[in-house]
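K.L.:
Let me begin by handing over the structure; questions about it come next.
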Amino acid sequence: MTTDPGSSGTLTFRPGEAGYDAETSGFQTGFALRPDVVFAASGPQDVVAAVAHAAAAGLPVGVHATGHGLPDTAEGGVLVGTRRMDSVTVDAAARTARIGAGARWGAVVEAAAPHGLAPLNGSAPSVGAVGYTLGGGLGILAREFGYTADHVRSVDVVTADATLRHVTPDSDPELFHGLLGGGAGLGVVTSLEVGLVPLTRLYGGSLGYDGRAVDPAALVHAYTRWAATVPDTLTSSLAALVHPDLPSMPPALRGTYLVSVRIACTGSAAEGERLVAPLRAALGPAVSDTLREMPYGDSHTIHSDPDFPHPYYGDSRFLDTGPGPGGLDAGAVAELVARCGPGADGMHIVQLNQLGGALARPAPNAVPHRDAGWLVRILSPLGEGGRDAARAHHARAFSAIAGQSAGRSLNFAFGGADRAEGIYDPQTRKRLAALKAAYDPANLFRRNYGVA
Ligand SMILES: Cc1cc2nc3c(=O)[nH]c(=O)nc-3n(C[C@H](O)[C@H](O)[C@H](O)COP(=O)(O)OP(=O)(O)OC[C@H]3O[C@@H](n4cnc5c(N)ncnc54)[C@H](O)[C@@H]3O)c2cc1C
């Protein structure tokens, strides 16, 4: 540990120094970050110092908050560590929160709750709120409120000229557009101001089925038919996974094939029960049922994402259909689910998210594919075959839905999954390329998912 060469006083770590490994590690363990220097930022001025240092030396800049979305292995260059910039300040009257670059969703949920407010967080409390929102942010209440990026009021960002800018939709509409959903290739965001919603509770949880006892294809068909009938106050997804038969797994889960429907509904518990009744009737008895009234602070239990670091590869496809079953080839989705099921080589978690509702509304940002009705994701913990085996499996599985595929989601591309390929439509790509040329002509921020 030393201080930066430009003597700004910023904490820095170089290879071999105590603390370097801790600064470069995070949730994703499959891909190493080995920068020449880490600037462990405590505030915006440290980020300015890091970018100035990188620009002067012509080095690439990467950003590391929690490591959930680590784009790829990165050797050399400058890494800006934002985990110390984790402040969350709630303005209850304005119903907004200012979120530091290193804050996790769990901390934002906690800070908003005493004011009767909630952020538009995702499934896991450990994910970084800023990294998530820069990628769009598909939250647990997405169909009612839209992408989290749609609720951003202002962005504080250090651009490649080492200037800290306060960007709002009025001050600089084009830069504001590109910063949100644009692939984080335009600068290092030091904080975001986001809108909160008045919410203290939810009706939600999951219904789990034994995929060996019930035909998973029938579950996919019944789920997608039912989802078309519910209002936007209910957001849901289907997940299918074979739990590994390993001693480290809880005995009740070892080797099981679980297909579950996850639900979050802002309506009353009675309304939620009424909406879910036809699904229960169509699917038959569940092996697990956690649907209930819950305080918003428990909403992370709906998905119960793993909270321990591990290696994984992941990718996704938007489906070019409306959010209902009309137009959706549920048979093709069921085939994809089957290809990732018990017969597959390795573990593959499939998730099918219903989109539509507020997600389809236009917003002043670059979040793409708003017309898509569904999003299919595959997340594969890496085994012996590593990334190549996972990538080959994904190619086979996604080919089942090739006829409906409309592109990929920035937030669900893990472990170097083809970078920015297929994420943007040509017009958005052109706008982002123009912004890149204006704000980062030397492509300093090439470590992120941005358009070059
Ligand atoms: C278990 C799990 C659950 C998830 N759930 C959801 C979900 O429900 N909905 C959803 O939409 N996504 C979800 N994601 C995806 C997640 O939003 C992305 O992976 C996101 O990039 C994570 O950001 P991070 O800061 O936590 O991770 P990091 O790996 O630290 O950052 C990821 C990337 O984001 C960019 N970035 C981060 N901070 C900054 C910054 N301050 N300035 C500029 N660029 C920055 C950089 O490119 C960085 O490499 C989930 C991921 C995991 C692993």
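The values are calculated or read from the model by the stated rules, or taken from the named source; none is laboratory data. Since we're looking at a predicted model, the values are computed, not measured. With ideal geometry, Cβ positions are generated from the backbone for all residues, glycine too; neighbour counts draw on all protein chains shown. What goes into the accessible areas is simple: the full protein's heavy atoms, side chains included, and nothing from ligands, DNA or RNA. Shrake-Rupley method; radii C 1.70, N 1.55, O 1.52, S 1.80 Å.
K.L.:
Extension gain H310-A217, at 0.36 nm per residue separation less the Cα-Cα distance, in nm?
P.N.:
30.5 nm
K.L.:
R0 = 41 Å: FRET efficiency of A392 with A252, Cβ-based, nearest 0.05?
P.N.:
0.80
K.L.:
I need the peptides 43-53, 130-140 ranked by packing, meaning the mean over residues of other C-beta atoms within 10 angstrom, with the highest value on top. The partial results should precede the final answer.
P.N.:
Values: 43-53: 21.8, 130-140: 27.3.
Ranked by mean Cβ neighbours within 10 Å, highest first: 130-140, 43-53.
K.L.:
Now, a different point. Mind checking the angle between helix 330-339 and the chain's longest principal axis? C-alpha axes, 0 to 90 degrees, to the nearest 10.
P.N.:
With both axes taken from Cα atoms, the answer is about 70 degrees.
K.L.:
Can you compute the label reach from R274? Point 7 Å from Cα along the Cβ direction, backbone N cut-off under 17 Å, restricted to the range 224-261.
P.N.:
It comes to 229-235, nothing else.
K.L.:
How would you order 375-384, 108-117 from highest to lowest mean count of nearby Cβ atoms within 10 Å? Mind dumping the intermediate values first?
P.N.:
Details: 375-384: 20.6, 108-117: 18.2.
The packing order, highest mean first, is 375-384, 108-117.
K.L.:
Among 300-307, 277-284, 147-154, how do they line up from the highest to the lowest mean number of other beta-carbon atoms within 10 Å?
P.N.:
With the highest mean Cβ count within 10 Å placed first, the list reads 147-154, 300-307, 277-284.
K.L.:
Still on this structure: Can you classify the range 217-266 as rounded, prolate or oblate using the Cα gyration tensor, where a ≥ b ≥ c are the square roots of its eigenvalues, rounded means a/c under 1.5, and otherwise it's prolate if a/b beats b/c and oblate if not?
P.N.:
Oblate, since a/c reaches 1.5 and b/c is not below a/b.
K.L.:
If K430, K436 are ordered by their accessible area, calculated over protein heavy atoms with a 1.4 Å probe, which sequence runs from highest to lowest?
P.N.:
Highest to lowest solvent-accessible surface, that is K430, K436.
K.L.:
Moving on to the next point. List every residue whose amide H lies under 5 Å from the amide H of V197, counting only residues 5 or more places away in sequence or on a different chain, with H placed 1.01 Å from N in the peptide plane.
P.N.:
A118
K.L.:
Working from Cα positions, state the angle (0 to 90°, nearest 10) between the long axis of helix 216-227 and the longest principal axis of the chain.
P.N.:
The angle comes out near 80 degrees.
K.L.:
Given R₀ = 45 Å, FRET efficiency for T168-A344 by Cβ-Cβ distance, to 0.05?
P.N.:
For R0 = 45 Å, the calculated efficiency reads 0.45.
K.L.:
By how many degrees, 0 to 90 and rounded to 10, does the Cα axis of helix 269-283 deviate from the longest principal axis of the chain?
P.N.:
60
K.L.:
Let me check against my output: what whole-number percent is the relative contact order of the chain, with C-alpha pairs under 8 Å and at least 6 apart?
P.N.:
18 percent.
K.L.:
Work out how much length A18 to T89 would gain on full extension: take 0.36 nm times their residue separation and subtract the Cα-Cα distance, in nm to one decimal.
P.N.:
Full extension of this stretch gives 22.4 nm more.
K.L.:
When the chain is fully extended, how far beyond the present Cα-Cα distance does E335 get from T200, taking 0.36 nm per residue of separation?
P.N.:
Result for the pair: 44.7 nm of gain on full extension.
K.L.:
Just to verify a number: FRET efficiency for D425 and T229, C-beta to C-beta distance, R0 = 35 Å, to 0.05? Before the final figure, lay out the partial values.
P.N.:
Numbers: r = 30 Å, r/R0 = 0.86.
About 0.70, to the nearest 0.05.
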